[in-house]
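Shown next, in structure tokens, is the structure this report addresses.
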Amino acid sequence: MNIGQASATSGVSAKMIRYYEDIGLMPKAGRTEAGYRVYTAADVNTLRFIRRARDLGMPIERIRLLVSLWQDRARSSGDVKRIALEHVSELRTKIAELTAMCEALEGLAHACHGDHRPDCPILEDLEAGGQQAPARVRRRRRIDAGQSQPGATA
């Protein structure tokens, strides 16, 4: 089949197929006498494999390892599992980082009045490079937590 057919069958764009060939992730396709690429069913299976690994967020070098293990019938499934669990660990770290970012932005948005006034804790935090939460944000968090403001009388 030609590159368009391989693309449609595998779900990988023709541009990415050429890229994967260029970086050696998959072997160069055979060519017709006219120079057109020709793909086999095995090539399309490799493309599907790569696409699924990419859908799972795996980087190219990890996919390269998995493709080589997939093609090696003498492989140890333990090697495959180790690679998968390394990726899971990296994903969990990313999730924690993204969660922390969301919580920081939510806290800043909560501290912002969002009205006609020009003062904005979100912009103040960005200006400070996130090094120190503006006093207004810290005070707002204490109030929301049920603590009194410093100097306030009960």
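The values are calculated or read from the model by the stated rules, or taken from the named source; none is laboratory data. If you're wondering where the values come from, they're calculated on a predicted model, not measured in any experiment. Every residue, glycine as well, gets a Cβ built from its backbone with ideal geometry; the counts of neighbours run over all protein chains shown.
Going by the conditions given, is Leu91 closer than 30 Å to Ile122 by Cβ, surrounded by fewer than 14 Cβ atoms within 10 Å (Cβ to Cβ) and in contact (Cβ under 8 Å) with a residue 12 or more places away in the chain? For Leu91, the condition - closer than 30 Å to Ile122 by Cβ, surrounded by fewer than 14 Cβ atoms within 10 Å (Cβ to Cβ) and in contact (Cβ under 8 Å) with a residue 12 or more places away in the chain - is met.
Kindly establish whether Asp43 is without any contact (Cβ under 8 Å) to a residue 40 or more places away in the chain, of a type in the set (Asp, Glu) and under 19 Å from Asp72 (Cα atoms). So Asp43 passes the test. Reported count of residues in the range 34-45, each being among the polar types (S, T, N, Q) and at pLDDT below 95, is 0. Counting only helices (runs of 4 or more DSSP H) that fall entirely inside the range 46-128 and contain at least 1 residues that are at pLDDT 95 or above and under 25 Å from the mean Cα position of the chain (by Cα), the qualifying elements are 60-71, 77-111. Among residues of the range 102-119 that are on the phi > 0 side of the Ramachandran plot, those with a beta-carbon under 9 Å from a residue that is surrounded by 11 or more Cβ atoms within 10 Å (Cβ to Cβ) at least six positions away or on a different chain give the pairs Gly114/Cys120. Against the conditions (1) more than 30 Å from Asp125 (Cα to Cα); (2) surrounded by 14 or more Cβ atoms within 10 Å (Cβ to Cβ); (3) touching a Gly at 6+ places or on another chain (Cβ under 9 Å), Phe49 satisfies every one except (3).
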